[in-house]
Structure formats: structure tokens, C-alpha cells
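Visitor: After the C-alpha cells below, expect a handful of questions from me.
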Amino acid sequence: MENKQDKLVKSITGRDEDFAQWYTDVCRKAELMDYTQAKGFIIYRPYGYAIWENIQKYLDNRFKKSGHENVYMPLVIPESLFMKEAEHVKGFAPETAIITIGGKEELAERLIIRPTSEVLFCEHYAKIVSSYRDLPKKYNQWCSVVRWEKTTRPFLRGSEFLWQEGHTIHATETEAREEVLGMLDIYNELGRDLLAIPFILGKKTDKEKFAGAEETYTIEALMHDGKALQSGTTHYFGTGFAKAFNINFQDKDGVVKPVYQTSWGLSTRLIGAIIMVHGDDSGLVLPPYAAPIQAIIIPIQASKPGVMENALALYKALDTLGIRVKIDDSDKTPGWKFSEYEMKGVPLRIEIGPRDLETGDCIIVKRIDNSKEKVKISELPMIIEDLLASIHRQMYDKALANVAANIRPAYTYEEFKNIIENQPGYVKMMWCGNVECENKIKEDTTATSRCMPFVQERLGEVCPVCGRKAEKEVLFAKAY
């Protein structure tokens, strides 16, 4: 007879059966989010929002340590201001939501709900900067933005999403370029140290760069189904925005010059990355340092002598250490609880029952591989931090091995198309630098250039698409 635990697991579609449905099942069944009546606007439920909060805490600390300050810009942008930088506007115009009525009256000037905030920062910087002594300005904003997407998916692509956007201005090109690459390093370390996700770092092609940027750099992650996910970007603007918005300063030599500008951002699509990189057929598998609950204590036969007393004592000991721990003393069956927290991806399960208490033991179960072992209750507080660190390393190494196994070279265009169609992951190939070849690849295969990796490998002398001289090695993939 099928029990409740089996039913809970079977409510999630298998990853290899239907990956898109599996993803949606996990988002909802693990209580990360819920839909609303407005398409593309989701509710971040407490468990999902807590993951974002942990990402925020890590990044906010790193930003402040590197000299950045948090600000908040308005939600809306006057249309005349938005239109001041032509290339930027062209890139975002198809996605803008526009306010035309306030109360019962039509507005004299339409207001754009921010899809990004470059122009707002530019207008502000033009007012407050006049001298080299005012530089650099290194600001960051935590907010939501609205982009009117036709196709939406929770966390990955929404009409509204949460993110951080950094905007900085500098006196020199060298300093601005250092900022762009320095923030990319922080993003990479976020993946390594918090998310257990290995990123591939590189530069975007001109076709894929941010609207208005001279150069865009990216962190790319590989999902279980072999698709890539752009997980964060940094942008070098040069002086383009500065000239459009008259952001000038008088340098030490007395000459008035435009500032050099950058921006950088990542969003709640990182929650989607965590789901799709680490999850399995039972649901979420959360990296310990990003998990809202790092350890769940489940009393077995809680009414038996000593069970709840030991469970509560262990809870207090772990909580004192700063471990995010929860004790589930509800009247659900142990089997149901096991399945529920497995689906929610809690890294460590701790079972305390009367039989184990006879020897002072508890059972610990690691979510990453469901391995079980007996541990002395008195010793667990002393080893739990090492346990969580070990789980994190195991998750990172597993994801890194998956990336390494799914990067394949292509030396001819036919070989490229065959790999893209039949094998998951990235294809690395030489490229001539012409957008026509990128367009042909997308038209023929739906794959796009993900980045030109910093460490270049010379796979040949010509572009397999057109036969012209090759300029760069590029990683291509189908992507979210």
C-alpha cells in the first residue's frame, strides 16, 4: 500500500521525464513561490525569499568591504530622461511598462517603470560631481525591476524580479576597468563559496553585450539539462553615458573631463540556478551556506522519555553556534517529515529516537547523497561546521565535474550542429568575430554565444561557420 511519504515524492515529476515540469513542481511543492493573477509577477514565499536574503547578506557584506554604498533610486523614470541614451533605449524599449494615467488624469509626461536604473544614476551623478575630489562614486541598489517579458518562468525570467544593480563612476579608465573585473570576481566567489556553483567567466560578444555598454562580462552556469544560465554580468560603459548626461569633473590638471562608468548586477534567477544545478528527483538539494534551514532535528517517538529533552538541548547548542537549525515536533509521521525536508533540500537531517538514546547517539542524514551515520549527540555541536563544509565541497565538486564533462570542442560546423542537437552542455568553437555567423548559429540551432572565456584555447585558424580567419574561442550553448 502506498504511504504518504511515497505520495509526496511522486508529486514531483522526474527531471529526465520533463525537466520544465520538474522545475515548476519543485518551485511550488518546496514552497519557494506562488503565482499571482498578474502574469510574470510571483509571490516570493518565506522559504524562497530566505534563500535570496542569504545571497543578499553575502554580497552586501562584500560590496561594503570593497567601498560601495547602498542607495535607493525611484521606481519610475520620466520618458524624456529615459530617451537620452539612444542605444540603451533601443535595447530596453520592447520590454518597458509605461504609466500613462495618475489617479483619473492622463499624465503630462509618461513614466517608465524602471527596467534598469542607469539613467537615474546618471542624472544624479551629473548633479553631485564636479571635481576629482568627488570621485569615485561607488553605489549599489537593492530593488525590483519590471521587464514586460512574453514568456515567463519563476525566478528565471519574470515581468518583475528582485536584484542588485551597482553603478559606479571613476576618474580614469584603468580604475573603471578594475571595478568591472573586480565585481566579476566577487560574483564568482559567491558561486564558489555560497552557492556551490562553478561559473565560467568570460566576455560577451558585441551581439550579446548590455545595451549601451562598450564591454560586458559574464558568469555562466550549466544546468542539469545541459542548458546555460547567464547568472550575473558586469559592464564597462567608458564615457558614453557620461557624455550623454554631462557627467563631468575638473581633474587635478584643471581640465574638465567626462567620468568613466560601470554597472553590474545579478538577480533572483540565482535561485533558479540553485534549483537546476543541484536538485534531484526528490526535490531541492540546497547548498548549506545558502539554505534557510541548515539542519532539521526530527524527534522519533517524541513522547518517550528523554527524546524531546535531548532534541531541545541539541537545538539550543546548535543555535548558539549560529547554525540555522529547526526542530519539527509536529504530529506528522516521521516518514512524512523525512520526505518533506528532503524535498525542501535541507542539507542535514538529525533523527533522535529512544533506541539511539540508549547509547547517546543520533542519526544524521546528508541530503546530498542520503548517506546515514550514527553520531554521539554530545559530539555533534563540535563537528557540525565541518559536516556542512564537507557537504558544500561535495556539492561544488559534483557540479564542477558536470561542467568539465559537458564542454565539447567542434572543429567543423556540421560537428557543431550535431553536438548542439544531441549532447548537453557547451560547445567550444573558433569564431571569426562577425555577427552574421552568430545569427546563423542561432537560426540553425537556437544556440547562442555564452562568452569568450578568459583562458583561450586555439582550436583552429578559421571560423567553421564561414571559413574566414578565426579571432576568438567562444562557448556556445542553448540557454535559459
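Visitor: Could you sort 321, 475 by accessible area so the largest value comes first, with the probe set to 1.4 Å?
Guide: Final ranking, largest accessible area leading: 321, 475.
Visitor: Give the lysines reachable from residue 337 as a straight Cα distance under 17 Å; neighbours fewer than 8 places away on the same chain don't count.
Guide: The qualifying lysines are 4, 7, 10, 29, 326, 366, 372.
Visitor: For residue 93 and residue 39 in the same chain, what is the full-extension length gain: residue separation times 0.36 nm, less their Cα-Cα distance, in nm?
Guide: Going from the current span to full extension adds 17.5 nm.
Visitor: While we're on this one: Can you grab the distance from the C-alpha centre of segment 362-397 to the C-alpha centre of segment 231-257, Å, no decimals?
Guide: Computed from Cα coordinates, the inter-centre distance equals 50 Å.
Visitor: Let me ask something else about it. Quick one: ranking 320, 333, 168 by accessible area, 1.4 Å probe, largest first, what do you get?
Guide: 320, 333, 168
Visitor: Okay, next question. Step through the residues of segment 285-294 one at a time and calculate ³J(HN,Hα) from phi using the Karplus curve (6.51 cos²θ - 1.76 cosθ + 1.60, θ = phi - 60°), rounding each to whole Hz and writing x for Gly and Pro.
Guide: The phi angles translate into 10, 9, x, x, 7, 9, 6, x, 10, 8 Hz.
Visitor: Considering amide H positions built from the backbone, and no H for Pro or chain starts, which residues 5 or more places from residue 327, or on another chain, come under 5 Å of its amide H?
Guide: Placed amide hydrogens put 297 under 5 Å from residue 327.
Visitor: In addition: Give me the 1.4 Å probe accessible area per residue for segment 283-343, excluding ligands and nucleic acids, in Å².
Guide: That works out to 42 Å² per residue.
Visitor: On a 1.4 Å probe surface of the protein chains, which of 367, 355 comes out largest in accessible area, and what is the full order?
Guide: Sorted by accessible area, descending: 355, 367.
Visitor: Short version: ³J(HN,Hα) in whole Hz for each residue of segment 139-151, in order, from phi by Karplus 6.51 cos²θ - 1.76 cosθ + 1.60 (θ = phi - 60°), x for Gly and Pro, what are they?
Guide: Karplus-based 3J(HN,Hα) across segment 139-151 equals 10, 9, 10, 9, 6, 10, 10, 10, 9, 6, 6, 6, 10 Hz.
Visitor: I'm a student and want to see the number: the projected area of the Cα convex hull of the chain, averaged over all directions, in nm².
Guide: Result: a mean projected hull area of 27.9 nm².
Visitor: Just read off the accessible area of residue 462 with the full protein assembly in place, 1.4 Å probe, to the nearest 10 Å².
Guide: Here the residue's solvent-accessible area equals roughly 80 Å².
Visitor: Okay, next question. Averaging over all projection directions, find the projected area of the Cα convex hull of segment 1-155 and quote it in nm² with one decimal place.
Guide: Taking the Cα atoms of segment 1-155, their convex hull projects to 14.7 nm² on average.
Visitor: Then there's this: Semi-axes of segment 418-465's equivalent ellipsoid from the Cα gyration tensor, sqrt of 5 times each eigenvalue, largest first, rounded to whole Å?
Guide: With the √(5λ) rule applied to segment 418-465, the semi-axes are 17, 14, 10 Å.
Visitor: Sticking with this structure for a sec: With all protein chains present, how much of the accessible area of the chain (probe radius 1.4 Å) comes from carbon and sulfur, to the nearest whole percent?
Guide: Accessible surface attributable to carbon and sulfur in the chain totals 49 percent.
Visitor: May I ask for the Kirkwood hydrodynamic radius of segment 321-409, worked out over all distinct Cα pairs and given in angstroms to one decimal?
Guide: Evaluated on segment 321-409, it is 14.9 Å.
Visitor: Once phi is turned into ³J(HN,Hα) by the Karplus curve 6.51 cos²θ - 1.76 cosθ + 1.60 with θ = phi - 60°, what whole-Hz value does each residue of segment 357-368 show in order, with x for glycine and proline?
Guide: Once θ is set to phi - 60°, the couplings for segment 357-368 become 5, 4, 10, x, 9, 9, 9, 10, 10, 8, 5, 4 Hz.
Visitor: How many percent of the alpha carbon pairs in segment 262-329 exceed a separation of 16 Å?
Guide: 61
Visitor: Can I ask one more? Are there any trypsin sites (Lys or Arg not before Pro) in segment 180-284 that are in a DSSP loop and have at most 15 other Cβ atoms within 10 Å? List them by number.
Guide: Sparse-neighbourhood loop trypsin sites (Lys or Arg not before Pro): 207, 252.
Visitor: Please work out how much length the chain gains when fully extended from residue 104 to residue 418, using 0.36 nm per residue of separation minus the C-alpha to C-alpha distance, in nm with one decimal.
Guide: Computed gain between residue 104 and residue 418 is 107.2 nm.
The values are calculated or read from the model by the stated rules, or taken from the named source; none is laboratory data. Predicted model, so just to flag it, every value in this text is computed and none were measured. Note that we place each Cβ from the backbone using ideal geometry, even for glycine, and neighbour counts take in every protein chain shown. For accessibility, only protein heavy atoms count, side chains too; no ligands or nucleic acids. Shrake-Rupley method; radii C 1.70, N 1.55, O 1.52, S 1.80 Å.
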